[in-house]
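In what follows, a structure is listed as C-alpha coordinates, so that the remarks can point back to it.
The values are calculated or read from the model by the stated rules, or taken from the named source; none is laboratory data. Bear in mind the structure is a predicted one, so any value in this text is a computation, not a measurement. Heads up, the Cβs are rebuilt from the backbone with ideal geometry, glycines too, and the neighbour counts pull from every protein chain shown. Ligands, DNA and RNA are excluded from the accessible area calculation, which covers all protein heavy atoms including side chains. Shrake-Rupley method; radii C 1.70, N 1.55, O 1.52, S 1.80 Å.
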Amino acid sequence: MSKLTDYFHTDWAAMTAQDWAGVIITVGAFIGIVVTFAWALSPGRRKRLEQQKYNVLDDDD
(Lines give C-alpha, C1' and ligand atoms only; values in the text may rest on other atoms or scores of the structure.)
Protein backbone atom coordinates (compact mmCIF):
# COMPACT_ATOMS: atom_id res chain seq x y z
CA MET A 1 0.00 0.00 0.00
CA SER A 2 2.93 2.36 0.54
CA LYS A 3 3.75 2.29 -3.18
CA LEU A 4 0.26 3.56 -3.98
CA THR A 5 0.54 6.42 -1.50
CA ASP A 6 3.97 7.29 -2.89
CA TYR A 7 2.49 7.42 -6.39
CA PHE A 8 -0.22 9.91 -5.38
CA HIS A 9 2.03 12.00 -3.11
CA THR A 10 2.13 15.72 -3.93
CA ASP A 11 4.82 18.06 -2.70
CA TRP A 12 2.60 21.07 -2.03
CA ALA A 13 5.51 23.24 -0.90
CA ALA A 14 7.34 22.80 -4.21
CA MET A 15 4.40 23.95 -6.34
CA THR A 16 4.98 27.12 -8.36
CA ALA A 17 2.50 29.91 -9.06
CA GLN A 18 1.67 28.31 -12.41
CA ASP A 19 0.96 25.01 -10.67
CA TRP A 20 -1.41 26.71 -8.23
CA ALA A 21 -3.12 28.60 -11.04
CA GLY A 22 -3.64 25.32 -12.90
CA VAL A 23 -5.08 23.64 -9.81
CA ILE A 24 -7.45 26.53 -9.14
CA ILE A 25 -8.62 26.71 -12.77
CA THR A 26 -9.11 22.95 -12.97
CA VAL A 27 -11.07 22.73 -9.71
CA GLY A 28 -13.14 25.80 -10.68
CA ALA A 29 -13.97 24.33 -14.09
CA PHE A 30 -14.97 21.01 -12.51
CA ILE A 31 -17.26 22.71 -10.01
CA GLY A 32 -18.74 24.86 -12.79
CA ILE A 33 -19.48 21.82 -14.95
CA VAL A 34 -21.11 19.96 -12.06
CA VAL A 35 -23.28 22.97 -11.16
CA THR A 36 -24.27 23.52 -14.80
CA PHE A 37 -25.27 19.89 -15.30
CA ALA A 38 -27.21 19.84 -12.03
CA TRP A 39 -29.02 23.04 -13.04
CA ALA A 40 -29.77 21.93 -16.61
CA LEU A 41 -30.82 18.39 -15.77
CA SER A 42 -33.04 19.16 -12.81
CA PRO A 43 -36.57 17.79 -13.23
CA GLY A 44 -38.19 21.22 -12.89
CA ARG A 45 -36.35 22.53 -15.96
CA ARG A 46 -37.06 19.56 -18.20
CA LYS A 47 -40.29 20.88 -19.70
CA ARG A 48 -38.79 24.29 -20.44
CA LEU A 49 -35.71 22.78 -22.05
CA GLU A 50 -37.82 20.36 -24.10
CA GLN A 51 -39.79 23.31 -25.53
CA GLN A 52 -36.55 24.96 -26.70
CA LYS A 53 -35.06 21.77 -28.10
CA TYR A 54 -35.91 22.38 -31.76
CA ASN A 55 -35.91 26.20 -31.85
CA VAL A 56 -32.88 26.20 -34.14
CA LEU A 57 -34.76 24.14 -36.75
CA ASP A 58 -37.89 26.30 -36.73
CA ASP A 59 -38.29 28.80 -39.60
CA ASP A 60 -40.36 31.49 -37.95
CA ASP A 61 -39.44 34.51 -40.04
task: Give, rounded to the nearest 20 debye, the magnitude of the charge dipole that the stretch 17-58 has about its Cα centre when Lys and Arg contribute +1 at Cβ and Asp and Glu contribute -1 at Cβ.
output: 320
task: With a bin width of 10 angstrom, please list the P(r) values of the chain as percents of all Cα-Cα pairs, from the 0 bin to the one holding the largest distance.
output: 16, 22, 23, 16, 15, 6, 1
message: Rolling a 1.4 Å sphere over the protein heavy atoms, what is the accessible area per residue of the chain, to the nearest Å²?
response: 99
- line: Taking the chain and counting helices only, DSSP H stretches of n ≥ 4 at -39,500 (n - 2.57) each over all residues, the nearest-500 ellipticity at 222 nm comes to -18500 deg cm²/dmol
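Take the solvent-accessible surface of the protein heavy atoms, probe 1.4 Å, and return the percent of it on the chain that carbon and sulfur atoms account for.
So the carbon and sulfur contribution to the accessible surface is 64 percent.
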statement: Between the Cα axis of helix 17-40 and the main Cα principal axis of the chain, the angle (0 to 90°, nearest 10) is 30
query: Using mean Cβ contacts within 10 Å as the protection proxy, how do 5-17, 24-36 order, highest first?
result: 24-36, 5-17
